[in-house]
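Below is one structure, written out as structure tokens; the observations come after it.
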Amino acid sequence: MKKKLLGLILVSTIFFIPVSAQEKEKDEKETEASEKKKGLDPERIFFGGNFGLTFGNFTFINISPQVGYRITPMFSAGAGLNFIYQSDKYYSGNREVKNSLGYAGMNIFGRVNPFKFVLLNVQPELNYVWGKTRVSGLADSKIDPEFVPSLLVGAGVAIPAGRGSMIAMLQYDVIQNSLSPYGRNAFFTFGFNF
């Protein structure tokens, strides 16, 4: 009887050790997977921004790349850079007037998707602006360089396109600084995230 009991204990131990090791390995893999989910998930990173061109009496060039992170399916946040050039030409009496402004800055944004394709956006910006006004027949007048704040609020739609989405938004600069590149009215932006 003792031999049978000793044999049973020996056989149980032989089977228990590998099963226990497999369970431990499985627990380690689950812990590793859970730790990966807690860290920065590359699948949630997205790139995009705005690119715009207008030429003529009013010229506007906008290159504003952004990078963001989907924190939850409903909320994302990120940051970007702004490079904007604008000029306008008009006549005052018989003199041609041309204003030229350059902007370089940065922004951060927070975006909420209350419904699948609808988004609400808040984007504070700080742009460094410089420029000049040229009036024909007179000396150029330089604009003192300065930092100009903007606070863009808006709503729009995200239309899925392949691995990304096209974004169309109606935005408004709440601060309304006279040197803001966004003017005094609401404006449309179109961009792409991938």
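The values are calculated or read from the model by the stated rules, or taken from the named source; none is laboratory data. Treat the numbers as computed from the prediction; the structure is a model and nothing was measured. Using ideal geometry, Cβ is built from the backbone for each residue, glycine included, and neighbour counts are taken over all protein chains shown. To get the accessible areas, we keep the full protein, side chains included, count just its heavy atoms, and leave off ligands, DNA and RNA. Shrake-Rupley method; radii C 1.70, N 1.55, O 1.52, S 1.80 Å.
Summary table
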quantity: The stretch 131-150, residues that are under 25 Å from the mean Cα position of the chain (by Cα) and surrounded by fewer than 16 Cβ atoms within 10 Å (Cβ to Cβ); calculated: E146, F147, P149
quantity: Tabulated pairs, the stretch 121-146, first in contact (Cβ under 8 Å) with a residue 12 or more places away in the chain and of a type in the set (S, T, Y), second part of a strand (DSSP E or B) and open to solvent by 70 Å² or more (accessible area, probe 1.4 Å), C-beta under 7 angstrom, 6+ apart or interchain; calculated: Y128/P145; Y128/F147; S136/R95
quantity: Whichever residue in the stretch 81-93 is among the polar types (S, T, N, Q), surrounded by 14 or more Cβ atoms within 10 Å (Cβ to Cβ) and in contact (Cβ under 8 Å) with a residue 40 or more places away in the chain and, among such residues, is farthest from N193 (Cα to Cα); calculated: Q86
quantity: Subset of the stretch 94-122 [open to solvent by 70 Å² or more (accessible area, probe 1.4 Å) and under 20 Å from K132 (Cβ atoms)]; calculated: R95, K98
quantity: Residue satisfying all of: in the stretch 53-94; over 30 Å from F117 (Cα atoms) and among the hydroxyl-bearing types (S, T, Y); farthest from the chain's Cα centre (by Cα) among these; calculated: S92
quantity: Residue, most open to solvent (accessible area, probe 1.4 Å), within the stretch 151-169, restricted to residues that are under 17 Å from Q66 (Cβ atoms) and β-branched (V, I, T); calculated: V153
quantity: Strands (runs of 3 or more DSSP E) wholly inside the stretch 115-194 containing at least 3 residues that are modelled with pLDDT of 90 or more and either touching a strand residue (DSSP E or B) at 6+ places or on another chain (Cβ under 6 Å) or not charged (D, E, K, R) (or both); calculated: 118-135, 141-161, 164-173
quantity: Residue match in the stretch 65-83 (condition: under 17 Å from K132 (Cβ atoms) and of a type outside the set (S, T, N, Q)); calculated: no
quantity: Test for A104: is it aliphatic (A, V, I, L, M) and either part of a strand (DSSP E or B) or within 30 Å of G68 (Cβ to Cβ) (or both); calculated: yes
